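Comments concern the structure below.
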Amino acid sequence: MSNKAISVRDDARAARGTLAADFDLEQVRQAVGGIRFGEVRVIIQDGVIVQIERVEKQRLR
């Protein structure tokens, strides 16, 4: 019975991790969207996205 409880807990933790990863990827997609020239930098600590930096440049010619 305790093995089943651990399994359920692990499944819930994995589901939350998947949702968080999907949210993080969507944030990166939004940062990239619409940039013609520039860069998007993703800062990761301990395997987790902690910051997204977006720099957009405007080319005059």
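The values are calculated or read from the model by the stated rules, or taken from the named source; none is laboratory data. Everything quoted here is computed from the prediction, not taken from an experiment. FYI the Cβ positions are ideal-geometry reconstructions off the backbone, even for glycines, and counts take in every protein chain you see.
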Q: Residues being over 18 Å from Glu26 (Cβ atoms), surrounded by 10 or more Cβ atoms within 10 Å (Cβ to Cβ) and among the charged types (D, E, K, R): count how many of those fall in segment 44-56.
A: 1
Q. Regarding Ala20, is this residue surrounded by 11 or more Cβ atoms within 10 Å (Cβ to Cβ), modelled with pLDDT of 90 or more and either of a type in the set (A, V, I, L, M, F, W, C) or touching a Leu at 6+ places or on another chain (Cβ under 6 Å) (or both)?
A. no
Q. Given the structure, is Ile52 in contact with a helix residue (DSSP H, G or I) (Cβ under 7 Å, 6 or more places away or on another chain), at pLDDT 90 or above and part of a strand (DSSP E or B)?
A. yes
Q: Search segment 23-43 for residues being of a type in the set (Gly, Ala, Ser) and exposed (fewer than 10 other Cβ atoms within 10 Å of the Cβ), and hand back the single one that is modelled with the highest pLDDT.
A: Gly33
